[in-house]
1. How do Ile341, Ile374, Ile323 line up, fewest other C-beta atoms within 10 Å first?
2. If you stretched the chain out fully between Arg29 and Ala48, how much longer would it get, using 0.36 nm times the residue separation minus the C-alpha to C-alpha distance?
3. Working from the pairwise distances between different alpha carbons, so that the mean of 1/r is found and then inverted, what is the stretch 261-301's Kirkwood radius in Å?
4. At a temperature of 10 °C and a viscosity of 1.306 mPa s, determine how fast the stretch 133-382 diffuses translationally according to Stokes-Einstein, using the Kirkwood radius over alpha-carbon pairs as Rh; express D in µm²/s, rounded to the nearest whole number.
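What follows is calculated from the coordinates using simple rules that are stated; it is not laboratory data. Note that the coordinates shown come from a computational prediction; the quantities given were computed from them, not determined experimentally. All Cβ positions, glycine included, derive from the backbone under ideal geometry; neighbour counts span all protein chains shown.
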Amino acid sequence: MKSIIAACVAALLVASCATAPDIPSQRERLTRQIADDAVGFNEAYGQAVSAQILLNILRSRDRLPRYYLAMTGISDSPSWSTTQSAAVGGIPLGGDIGTPWGVGGLGIERERASRPSYAVHPFDAATLARTAFQPTPSAVFEHYWYSGWPRDLLMLMMVESIEKTDASGHTSTYTNEANTIFDDCAASVDSDGCDFVREVRTFLATSQRHPYDRGIDMQNGRAICGLVETYNPTSSVRPAAPREGQVCEPVFVVGADTVRLRLRSLDDMVYYVGELLRAGGMRSAPGQAIEAQVTVRAAGLRGGGQGVPLFRVVPASDASHDIYAAEIAYGGHRYRAGPAIGRSCGAETPDGVCRDLAEEGDRSSSVLSLIAEILALNQSPEAIRAPSRLIAE
């Protein structure tokens, strides 16, 4: 009798072991799940930040107030519930055997409930002033200048005005006024904004022809606070440390001229792009793309070409599955900006994906990325915590 009972129990244990989950496969599934969640949270965080920027750009286009919110990471703490059940039923074996044998069943169910949590709230007054309304620090501009970013894009987005002083001490000021920039600043356009654009293009052409830092004399040169680069200066110069309380804008020495850049705030960058779109929206038909009225070098083209709009917004189509940096609903319509540009060409081509056209070289994702990065740099570390995941069992 005891041996029969032991054999039945052993059989049940063998059956349960045969259906138990494999430990290595559980670990693999958990690893994949964590990796997939991390990617998903990263994408959601990026879309949320880019969408907020695009929303404020469209508000600027329509001369509406702009609002900035802080998103303090994403956390996911799954909760687990386990249900166990066991049952034993009697089945008589043989006609005259009075004691029935027990046949049992064992079941375990496990359910996982998960809902990511995040916090979105307005900035306090001090953080908002530092983040959105104070001029961009010179060190931030210099970082991007040396990081391989398109320099025409940096000059248009980050610089509010250029002050150029010649050898005689005369200073000319060029102001980056978005509402006076039209037709990509063709020769027929006479405005302050286009004077700035033409000065930028002349400066960039000069900087591309000459090696930088020629004329630096660390001991005997003329001291210049904020010096970034020099291009064939008429006299040697050297960088100087700022005095107490002094704020030094980026300075370039080009021949006998000293070029000083006045930097704008993040909110000014957003408003600037919105104003450029306002002029573009007056020229586009309903349902067509809205394009800024000034161009930069096309994405993916290392040289040549006529350039593409600094920023471009397209109506969203449900039939399109293309990847965009941002997509939002605004004013009863959906808009997208920043398509992916997955190629790089040495020069413009007459046809194919490397044509110098707005669709093929869209720089909108670079604009969104620049504003998003500066938005993060201007905040405190606690305000930009990375998305996190906590496994709780």
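1. Listed from fewest to most nearby Cβ atoms, that is Ile323, Ile341, Ile374.
2. The span from Arg29 to Ala48 would gain 4.0 nm if fully extended.
3. Final number for the Kirkwood radius of the stretch 261-301 is 11.9 Å.
4. D = 81 µm²/s.
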